[in-house]
Amino acid sequence: MNRREFFWALYDWANSAFPTVVSTFVIATWYAGAVAADPVSGQVGWGWMQTAAGVAIAVLSPVLGAVADAGGRRRLMLALCTLATAGLTASIWFARPGEGPGEGAAFLVLALVGLATVAFEVATVFYNSALPQVAREERMGRVSGLAWGLGYAGGLACLVACLFLLIRPDPSPLGLDRGAGEHIRATAVLVGA
């Protein structure tokens with residue numbers, strides 16, 4: 001395995017923290033249980049946000065895939081989408097729970113996660129399109145498999161770090177206010193980083 005292949009695969013290590021912590025386990029659960037008016041409306045709101053993000057991804061991906069295939073700006077577009085995902089995700093820190101549904105924190109979390117989801121998925125268009133330039137045809141399966149494995153490991157590593165460094169400690173060694181949900185909101189900052 002050469003350095004180029006390894007570094008391409010390593011992107012998946014860092015990138016997989018987003019779907020693991022934000023979309024699946026921590027932020028999604030926190031939104032439905034603590035930010036939304038009630039768990040049912042929280043799940044409904046989260047579902048509609050993911051649906052809207054999915055439609056945006058379905059519309060943007062073929063167009064941006066053609067851009068990626070044309071070449072030239074693949075790295076720039078990957079970098080911009082990755083930075084957008086990181087910045088939007090870290091901005092969840094500013095969503096303080098306790099305000100009414102459809103306003104304040106509830107709307108902010110849905111907007112930030114929805115936009116971050118679109119940026120994350122669009123980034124994968126550019127990321128995946130780079131594989132033929134990174135690995136020879138006979139090595140693509142191996143390099144892609146390494147990335148897949150590193151992605152799972154990276155997502156789980158971030159989830160474990162969130163759990164034991166931010167979520168579970170009470171009191172927080174970082175001085176995070178549990179009442180304001182800072183111990184959960186800080187996980188978004190970690191994922192963004």
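Every number here is computed from the coordinates shown, using simple stated rules; none is lab data. Here the structure is a predicted model, which is why all the values come from computation and not from measurement. Note that we place each Cβ from the backbone using ideal geometry, even for glycine, and neighbour counts take in every protein chain shown.
Here are the numbers for the structure shown:
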read-out: 0 to 90° range, to nearest 10: angle between helix 3-15 axis and the chain longest Cα axis; value: 20 degrees
read-out: Sparse-neighbourhood loop sites, GluC sites (Glu not before Pro) in the stretch 38-129 - DSSP loop, at most 10 other Cβ within 10 angstrom; value: GLU103
read-out: Rounded if a/c under 1.5, otherwise prolate or oblate - the stretch 58-145, Cα gyration tensor axes; value: prolate
read-out: Rounded to whole Hz, the Karplus (6.51, -1.76, 1.60) HN-Hα couplings of the stretch 165-178, x for glycine and proline; value: 9, 10, 7, 6, x, 9, x, 6, x, 9, x, 6, 7, 5
read-out: Tilt relative to the chain, helix 104-129 - C-alpha long axis, 0 to 90 degrees, to 10; value: 10 degrees
read-out: Geometric extent, Cα atoms of the stretch 3-192 - Rg, Dmax (angstrom); value: 17.6, 55
read-out: Mean ellipticity per residue at 222 nm, deg cm²/dmol - from DSSP H runs of n ≥ 4 across the chain, formula -39500 (n - 2.57); value: -22000 deg cm²/dmol
read-out: For the stretch 42-58, Karplus couplings with θ = phi - 60° (6.51, -1.76, 1.60), whole Hz, Gly/Pro x; value: x, 5, 5, x, 4, x, 5, 4, 5, 5, 4, 4, x, 5, 4, 5, 5
read-out: Paramagnetic reach from GLN133 (point 7 Å along Cα→Cβ, amide N under 19 Å) across the stretch 1-21; value: 2-12
read-out: For peptides 3-10, 17-24, 32-39, sequence by mean Cβ density within 10 Å, most packed first; value: 17-24, 32-39, 3-10
read-out: The chain: angle of helix 182-192 to the longest principal axis, Cα-based, in degrees nearest 10; value: 10 degrees
read-out: Length added when fully stretched, VAL67-PHE94, from 0.36 nm per residue minus Cα-Cα; value: 6.3 nm
